[in-house]
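Okay, so here's the structure we're looking at.
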Amino acid sequence: MNELYQPIETLAGVGEKRAAKYHKMGIHTPYDLLFHFPRTYIDYTAPVMIDDAENGLPCAVRCTVVQKLAPSFVRKGFSLYRVVVTDGVSDMTLVFYNTPYTYQAMKAGEEYYAYGKITGGMLRREMQAPQVQKVESALLLQPVYPQTTGLTSAMMRTNIQKALTFLDRAPFETLPVDLRTGYGLVTLPEALHAVHRPESKQQLDDARHRLAFEELLQFQLGTLMLKHRTNIQHAAPMSADTKIDDFLGALPFPLTGAQSRAIRTICQDLCQQKPMNRLLQGDVGSGKTVVAAAAAAFAAKNGYQTVLMAPTEILAQQHLQTMTDFLAPIGLTPVLLTGSTKAKEKREIKKQIAEGTAQVIVGTHAVIQKDIEFASLGLVITDEQHRFGVAQRAALAEKGGFPHKLVMSATPIPRTLALIVYGDLDITILDEMPKGRLPIQTFAVTGGYRERAYGFIREHLDAGEQAYLVCAMIEESDTLENVQAAETYAEELKAGAFSAYRVGLLHGKMKPQDKEAVMAEMKAHEIDLLVCTTVVEVGVDVPNATLILIENADRFGLAQLHQLRGRVGRGSVQSYCILVTDSRREDARERLKIMSRTVNGFAIAEEDLRLRGPGDFFGHAQHGMPPLMQAAFCSNMPLVSETQMAAKQLLETDPELRSPALQPLRTAVLQLFAKNGENGLN
C-alpha cells in the first residue's frame with residue numbers, strides 16, 4: 001500500500017501521543033499532512049542590520065555568535081540562556097527561555113539567522129525568544145503551520161519533510177497535462193514541495209497559484225455537476241394557473257418591486273419539470289421571509305408541503321411567528337419542529353407531517369432526521385445557507401426525492417464569489433428596501449468616548465427603546481474566555497453605568513432553551529440592554545431595539561459587522577450603531593470608515609472581499625466547501641474566472657469526468673463532495 005495513505009503513526013517521530021494531536025486536527029495520514037498548508041512564512045530573505053531594526057517589530061538578522069553567557073536558573077523550572085551575536089557592526093543579545101537545546105547547538109564563530117523583535121536602546125539591544133537557524137542550511141522562507149497545543153511548527157516541518165520523501169517515491173497528479181499546460185500550472189508534487197519548502201518567493205507564488213487553482217476548480221466542478229444532475233431530475237411540476245391573490249391581498253404592507261419580481265420568478269420555477277435550485281439573496285431587512293411565505297402558499301395550493309429550515313432555534317421560532325402571521329389569513333397553520341420540542345408534541349407533529357395535514361413545517365436540523373417522513377414534500381427553504389452548507393441542503397432534499405429548493409441568505413456576497421459558493425444555484429437578489437426603513441446611522445469612536453456613548457444609550461432607554469452591547473469575538477466561536485468576558489462586562493454594567501436598567505446576557509455556551517428565554521424577554525421588553533457575544537448576529541428580530549454598541553470592532557470583518565448592525569433598524573424609529581476601537585492599524589480604520597459611510601450590504605461585501613480575500617470571507621462557518629486555504633492567497637478575481645472557464649470546458653466534453661485522463665480529478669471532486677449524502681456526487 002502507498003506509504004502516503006498509511007496511518008500517520010508510520011511517519012518516523014510520530015508516536016501515539018503526537019498522532020492523537022494530529023487526529024484532533026483532522027490529519028490521519030501522511031497524505032493529509034501534505035495538504036496541511038502553512039498559514040504564513042517567516043521571511044529571512046531580507047535580513048536587516050541590528051542598528052536599522054525598528055524596536056518591537058519582527059525582523060530577521062544575519063549574525064555571528066560572539067559569546068555564550070552562562071545560563072541563569074531563575075527558579076525551579078525556569079531558566080534563561082543568553083548568546084551575544086554581532087552583524088559585523090553592532091552587537092545584541094539573544095535571550096532564550098527554557099530552551100537549552102537551541103543554546104547548546106549554537107557555536108561561537110558560526111553564522112545564524114535570528115528572527116524576532118529587537119528591543120532596548122543603542123547600548124544594549126536584545127532579541128527575546130528568537131527563531132534561529134544556521135545560515136548554511138537555512139530555509140529562507142520558513143513555513144509556520146496552523147497548530148494545536150503540544151504540536152509545534154518545528155515538529156510539523158520535520159514530519160512533513162518525511163511525508164515529502166514518500167511523495168517522491170510515489171508521485172501523483174490530479175490535473176491532466178493539457179490543462180496544466182494551458183493554464184501554466186506547475187505539477188502537484190512540485191507545488192507541494194514548494195509550498196512546504198520554498199526556495200524563492202516566485203517558486204512559492206507558483207505553488208500557491210497551482211493549489212488555489214485546483215481547489216477552486218474542484219469546487220466549481222462539483223457544484224456544476226450537482227446542478228447538471230438536478231436539471232435532469234423530474235420534480236412534481238405545479239400549475240401555472242395557481243393564484244395567490246388572497247395571500248397577497250392579506251399582507252399588511254405593499255411589496256417592493258424586487259419582492260414582486262422574486263415571487264413571480266420563484267412561482268415560474270415551481271411550475272417547471274426540473275427542480276428549482278435558487279438563491280434568494282437580500283440585505284438585512286429587505287423582506288426575504290414574505291417571499292418565502294408566498295412560495296409556501298403557492299406550493300400548498302398545489303397540494304405540496306414546504307419545509308423552512310433555520311440554523312438556530314431562536315431563528316426558527318421567529319420564522320414560525322412570521323410565517324404564521326403571513327399564512328394564517330389564508331388558512332395555513334405552520335408547525336415547529338426543533339431539537340427541544342417535547343417528545344409527545346414531536347410525535348404528533350411527525351404524524352401530521354406524514355399524513356400531510358401539516359403543510360408548512362418550520363424547524364432546525366431536526367427536520368432532516370431519518371425518522372421524519374413527508375406526505376408530499378414539494379419545497380425546501382433554507383435560511384442563512386452559508387451556515388448549513390451543501391451537505392445539510394442535500395440531506396434535507398433526500399426527504400422528498402427531488403423537491404424544489406430555495407436558499408435564503410442575508411449575508412451579502414459579491415456576485416462573483418456567490419457564483420463559486422452557490423455554483424449549483426440560480427441567483428435572485430432583493431435590491432430594494434421596504435418603504436419607511438430609515439438608514440442606520442453608524443459612528444466609529446475610540447474607547448475614550450465610551451462613557452459618552454453610554455450616556456447616549458441611556459437617553460434612548462429612557463425613551464422606551466432597547467439596545468445591544470456586543471463583546472468582541474476572541475475566536476471564531478464562543479470560547480470560554482469570550483463567555484467569561486461577556487459575563488464580567490454584564491456584571492460591571494449592571495453595577496455601574498446601567499444599574500438603573502434591566503441588563504440581560506446572551507452567549508453561545510448557553511443551553512438553547514436559556515437562549516430562547518433571554519430572547520423572549522428581550523422581545524417582550526423585559527430586558528432594556530442585552531449584553532451578548534456574536535450569537536445575536538443572525539436574524540433575531542426586535543423592532544424596538546434601536547441602538548447597538550460593538551466593543552473592539554476592529555476584531556470583526558466587515559460582513560460580520562454589517563450582520564451585527566442589522567439587529568437594529570428593524571422598526572420605524574431612527575437607529576444607531578456605535579463601533580468602539582482603540583486600534584491604530586490602518587486596515588482596521590479603513591474597515592470602520594467603510595461601515596460609517598454606507599449601509600449597503602453588497603457594497604460592504606465587495607470591500608470585505610477586496611480587503612480580506614475570498615478565503616476569509618466565510619470564516620469557519622461554511623460547511624461542505626473546501627477551506628479555500630490557498631485561494632485566500634489569491635484574492636484576484638481573474639483566478640475565479642479562469643477556473644470557471646476551465647470547469648465548463650471540461651464538463652462540456654465529459655459531463656461526469658469519466659475519461660482516463662480525468663479520473664484522478666474526478667476522484668478528488670468526489671472526495672470533496674463525499675459528505676453530501678445520496679443527493680451528492682457518487
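Read the figures in this text as sums done on the coordinates, not as results from a lab. Values in this document were obtained by computation on a predicted structure and should not be read as measured data. Don't worry about glycine lacking a Cβ; one is built from the backbone with ideal geometry, like all the others, and counts go over all protein chains shown.
Summary of computed values
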item	result
Cα-based reach from Lys405 at 20 Å (exclusive), listing lysines while leaving out same-chain residues under 8 positions away	Lys227, Lys274, Lys288, Lys301, Lys370, Lys675
Region 260-358: trypsin sites (Lys or Arg not before Pro) in DSSP coil with no more than 10 other Cβ atoms inside 10 Å	Lys342
Between helix 450-462 and the chain: long-axis angle, C-alpha atoms, 0 to 90°, nearest 10	10
Computed magnitude of the charge dipole of region 181-261 (debye, nearest 20; Cβ of K, R +1, Cβ of D, E -1)	20
Cα gyration tensor shape for region 441-598, rounded if a/c is under 1.5, else prolate or oblate	rounded
Length gained when the stretch Ala495-Asn2 is fully extended (0.36 nm per residue, less Cα-Cα span)	171.1 nm
The chain, helix-only ellipticity at 222 nm - DSSP H runs n ≥ 4, -39,500 (n - 2.57), divided by all residues, nearest 500	-12000 deg cm²/dmol
Residue among Met155, Leu493, Leu34 farthest towards the positive dipole end of the chain, charges placed on Cβ	Met155
Residue (of Tyr113, Gln67, Ala19) at the positive-pole extreme of region 1-127, dipole from beta-carbon charges	Ala19
Dipole magnitude (debye, nearest 20) for the chain, charges at Cβ of Lys, Arg, Asp, Glu	700
Exposure proxy order (Cβ contacts within 10 Å, fewest to most) of His404, His365	His365, His404
Packing-based exposure ordering (other Cβ within 10 Å, fewest first) of Thr223, Thr102	Thr102, Thr223
Selection from Pro237, Ile349, Val85, by position along the positive dipole direction of the chain (Cβ)	Ile349
Rg in Å to one decimal, and Dmax rounded to a whole Å, for the chain via C-alpha atoms	28.6, 91
